[in-house]
Amino acid sequence: MLKIYGCAGCGRLQVVSKRRTVQCPACCLPMEAVPLTFLQYTDMTAEERTRYGLGWAAARLAKCRSLR
């Protein structure tokens, strides 16, 4: 099953098949599974994917900051 992982540092999205731990190839931070299916991901344009990734990263960082 293909899953989509996102980097909270730079917003990059990556398709992953079997690995449970994923490291961002751009900034080397650990990546987390995002609430996006592979079908939804493939239906997006490159620009929509970039916007989604950056929005997800911003929301993830805001959530972490609010827990402090």
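Details
- Of all residues in segment 15-40, exactly one satisfies the criterion of being in contact with a Leu (Cβ under 7 Å, 6 or more places away or on another chain) and assigned to a helix (DSSP H, G or I), namely F38.
- Residues that are among the charged types (D, E, K, R) and either under 24 Å from C64 (Cβ atoms) or at pLDDT 95 or above (or both) within segment 14-46 comprise R19, R20, E32, D43, listed in sequence order.
- If you go through segment 41-68 and keep only what is of a type in the set (D, E, K, R) and part of a helix (DSSP H, G or I), you end up with D43, E47, E48, R49, R51, R60, K63, R65.
- No other residue among T45, T37, T21 is over 10 Å from the mean Cα position of the chain (by Cα) and touching a residue at least 24 places away in the same chain (Cβ under 8 Å) apart from T37.
- Residue count for segment 21-41 satisfying the condition of being under 11 Å from A8 (Cα atoms) and β-branched (V, I, T): 1.
The values are calculated or read from the model by the stated rules, or taken from the named source; none is laboratory data. From a predicted model like this one, the values you see are computed outputs, not experimental measurements. Here the Cβ is made from the backbone with ideal geometry for all residues, glycine too, and neighbour counts use every protein chain on show.
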